[in-house]
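Written out below as structure tokens is the structure these notes cover.
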Amino acid sequence: MSVFQIVLLAALGATVVLSLVLASRGALPRILAGLLVGGSCFGAVFVVEPDWATRLARVLGIGRGADLMLYALVLGTSWGFLSMYMRVRAVRRDMTLLVRRMALDEAQRDQTPPGP
Amino acid sequence: MAVDDGSSDASWDAIRKTAAHALRHAVNRGQGAALQTGTDFALARGARRIAHFDADGQHRVDDLVAMALAVANGDCDIALGDRFAGNSRIPTMRAVLIRLAAFMHRVTSGIRLNDVHNGLRVLTDEAARRCELRSDRMAHASELIDLIARSGMRVKQFPTTIEYTAYSMAKGQRASASARILLHYAVGRVFR
């Protein structure tokens with residue numbers, strides 16, 4: 001086993017542990033944790049047996065294992081980017097509602113005469 | 001009333017010195033959000049008509065009065081400013097972009113308007129309730145046109161003169177921002 005394989009396996013193992021810990025604390029959605037664990041285990045198999053990626057790629061009609069990995073990476077990052085974008089949009093929307101609510105409450109308070 | 005959209009200059013102090021109702025956003029949330037905050041406040045206080053008036057000095061009060069009278073007389077529910085009918089000296093690039101946006105709205109919402117991004121508007125309280133803005137950034141102008149098209153309210157355009165000063169040009173949307181606004185608007189239409 002090469003040094004590169006060991007480093008990759010360690011990184012994937014860390015991803016699995018981190019995903020499980022975060023998911024158990026409720027800091028990571030379970031679906032995302034499942035995808036991360038599944039993806040890491042899948043990746044670990046291909047790190048140990050690189051030829052299997054090529055075999056799977058042939059079955060899927062892609063040809064090279066490296067291409068299969070590239071396509072998977074593009075799909076994964078696109079999905080990640082989109083979900084992050086949607087999250088940011090939702091947060092911005094919530095922030096706007098909050099800021100507007102605060103402004104209205106403040107204006108209301110300014111006009112209400114002080115109580116006894 | 002005046003809404004200070006999280007300004008960092010002396011705007012807030014200046015507003016407080018006037019008789020206007022002053023509202024302030026703690027952080028900048030964009031013109032659409034500011035308009036909606038002001039509208040909510042006005043409606044809660046029983047306003048019967050709502051006027052939008054950009055604070056950068058580009059509008060004329062005379063134009064607003066004519067529009068407000070038309071709405072008050074029941075000629076229409078929503079009065080929109082039309083800079084192409086007034087005596088505005090519109091920079092060519094700006095004119096082209098507004099025409100393009102108007103064409104886009106004709107295709108997507110079926111509404112026929114000359115000027116879709118004019119900040120001078122008068123709405124009845126009912127129209128204002130039906131047109132609640134959700135997009136906070138500058139895409140609100142386009143969103144509002146969509147809402148107006150769907151509201152089923154009677155719309156009329158009025159000639160308005162826009163004063164294009166160096167200040168209002170710097171404050172207004174730059175041509176380069178149009179593409180970004182279009183993108184925000186398109187995304188907003190897809191993910192409502």
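The values are calculated or read from the model by the stated rules, or taken from the named source; none is laboratory data. All values derive from a computational prediction rather than experimental measurement. Don't worry about glycine lacking a Cβ; one is built from the backbone with ideal geometry, like all the others, and counts go over all protein chains shown. Side chains are part of the model used for accessible areas, which takes the heavy atoms of the whole protein and leaves out ligands, DNA and RNA. Shrake-Rupley method; radii C 1.70, N 1.55, O 1.52, S 1.80 Å.
List of remarks:
- Checking B:HIS52 against (1) buried (at least 18 other Cβ atoms within 10 Å of the Cβ); (2) over 20 Å from B:ARG129 (Cα atoms), the condition it does not meet: (2)
- Unique residue being under 23 Å from A:MET84 (Cα atoms) and at pLDDT 90 or above when the list is A:LEU9, A:LEU32, A:LEU18: A:LEU18
- Residue list for segment B:84-100, filter: in contact (Cβ under 8 Å) with a residue 60 or more places away in the chain, surrounded by 15 or more Cβ atoms within 10 Å (Cβ to Cβ) and of a type in the set (A, V, I, L, M, F, W, C): B:ILE90, B:LEU97
- Residues of segment B:7-43 satisfying the condition of being among the small types (Gly, Ala, Ser) and either over 14 Å from A:GLU106 (Cα atoms) or assigned by TED's automatic domain parsing to the domain that holds B:ALA70 (or both): B:SER7, B:SER8, B:ALA10, B:SER11, B:ALA14, B:ALA19, B:ALA20, B:GLY30, B:GLY32, B:ALA33, B:ALA34, B:ALA42
- Residues within segment B:58-83 that are outside any loop (DSSP other than H, G, I, E, B), crowded, with 20+ Cβ neighbours inside 10 Å and either of a type in the set (A, V, I, L, M, F, W, C) or over 16 Å from the mean Cα position of the chain (by Cα) (or both), tallied: 6
- All positions within segment B:17-46 that are buried (at least 17 other Cβ atoms within 10 Å of the Cβ) and small (Gly, Ala, Ser): B:ALA22, B:GLY30, B:GLY32, B:ALA33, B:ALA34, B:GLY38, B:ALA42
- Residue in segment B:48-60 that is within 14 Å of another protein chain (Cβ to nearest Cβ) and within 21 Å of B:ALA141 (Cβ to Cβ) present: no
So that you can scan it fast, the table gives a plain yes or no per residue for (1) part of a helix (DSSP H, G or I); (2) at the interface with another protein chain (Cβ under 9 Å from one of its Cβ atoms); (3) of a type in the set (Ser, Thr, Tyr):
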| position | (1), (2), (3) |
| --- | --- |
| A:ALA57 | yes, no, no |
| A:MET69 | yes, no, no |
| A:VAL74 | yes, no, no |
| A:TRP79 | yes, no, no |
| A:SER83 | yes, no, yes |
| A:VAL88 | yes, no, no |
| A:VAL91 | yes, no, no |
| A:ARG100 | yes, yes, no |
| A:LEU104 | yes, yes, no |
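- B:ASN28 meets the conditions (1) in contact (Cβ under 8 Å) with a residue 60 or more places away in the chain; (2) within 18 Å of A:LEU98 (Cβ to Cβ) in every case but one. The failed one is (1).
- Every condition in (1) in contact with a helix residue (DSSP H, G or I) (Cβ under 8 Å, 6 or more places away or on another chain); (2) open to solvent by 50 Å² or more (accessible area, probe 1.4 Å); (3) more than 18 Å from B:THR160 (Cβ to Cβ) holds for B:ALA14 except the one numbered (1).
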